[in-house]
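Q: Mind having a look at this structure? Questions to follow.
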Amino acid sequence: MREALAPGARFVSFATHGLMRGEVEGVAEPALVLTPSGGDAFDGLLTASEIADLDLPADFVALSACNTANLDFTRVAQDLPALSSAFAQAGARGVLGTLWPVNSEAGATIVSDLFARLAGAGAPGPAEALAQAQRAYLAAPPARANLHPRFWAPFIVLGDGGGPP
């Protein structure tokens with residue numbers, strides 16, 4: 001995992017499940033659920049403290065996983081408050097997080113559009129790219145029900161969401 005996130009990566013995206021502290025027995029801090037690799041000690045969880053120890057000066061990290069910006073204020077003094085904070089500690093300038101569970105199809109559409117906008121010539125900053133992707137989703141939703149904010153509004157940009165990355 002550390003080799004895949006080598007310094008120099010401008011954009012990093014995780015589309016997986018995010019666990020909050022205590023959500024699963026034995027998981028004491030926020031974590032991203034990844035595929036465990038056979039034969040080594042990697043348990044399939046990338047915890048907030050493991051993330052914070054990375055050297056990842058990326059321009060933008062997208063966490064299109066459930067609850068990745070959800071802060072548990074009762075544990076702020078005990079460990080990192082959320083996965084998004086861990087990526088900021090690792091050096092990421094901006095982080096896309098989510099405030100509640102994400103609809104997979106809506107998440108894929110919005111985050112793909114966001115990255116397409118970041119990669120273009122004269123690209124906006126991450127916050128504006130997200131707003132543009134959300135407006136595009138609302139302009140052509142897959143169904144009328146998808147106009148409800150639960151589909152398009154859980155995404156937020158934390159950290160440096162300003163100018164072009």
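The values are calculated or read from the model by the stated rules, or taken from the named source; none is laboratory data. Treat the numbers as computed from the prediction; the structure is a model and nothing was measured. Glycine gets a Cβ as well: all are built from the backbone with ideal geometry, and neighbour counts include every protein chain shown.
Q: I need a count of the residues in the range 90-138 that are among the aliphatic types (A, V, I, L, M), part of a helix (DSSP H, G or I) and under 30 Å from Ser49 (Cβ atoms).
A: Of the residues in that region, 9 qualify.
Q: Within the range 1-9, is there a residue that is surrounded by 15 or more Cβ atoms within 10 Å (Cβ to Cβ), at pLDDT below 85 and farther than 23 Å from Asp160 by Cβ?
A: no
Q: A further question on this structure: Between Pro164, Pro141, which is at pLDDT 95 or above and not in a helix (DSSP H, G or I)?
A: Exactly one residue qualifies, and that residue is Pro141.
Q: Now, a different point. Name the one entry in Ala143, Ala123, Ala131 that is without any contact (Cβ under 8 Å) to a residue 24 or more places away in the chain and surrounded by 15 or more Cβ atoms within 10 Å (Cβ to Cβ).
A: Result: Ala131 is the single residue among Ala143, Ala123, Ala131 that is without any contact (Cβ under 8 Å) to a residue 24 or more places away in the chain and surrounded by 15 or more Cβ atoms within 10 Å (Cβ to Cβ).
Q: What's the total number of residues in the range 144-161 that are in a loop (DSSP other than H, G, I, E, B) and under 17 Å from the mean Cα position of the chain (by Cα)?
A: 4
Q: Same structure again: For Leu130, work out the one condition from (1) modelled with pLDDT of 90 or more; (2) more than 12 Å from Val157 (Cβ to Cβ) it doesn't fulfil.
A: Just one mismatch for Leu130, condition (2).
Q: Now for a different question. Could you grab me the full set of residues in the range 20-34 that are out of contact with any helix residue (DSSP H, G or I) (no Cβ under 8 Å at 6 or more places or on another chain) and at pLDDT 80 or above?
A: Val24, Glu25, Gly26, Val27, Ala28, Val33, Leu34, listed by residue number.
Q: Moving on to the next point. Can you give me the number of residues within the range 35-57 that are in a loop (DSSP other than H, G, I, E, B), at pLDDT 85 or above and either loosely packed, with under 14 Cβ neighbours inside 10 Å or within 13 Å of the chain's Cα centre (by Cα) (or both)?
A: So the answer is 3.
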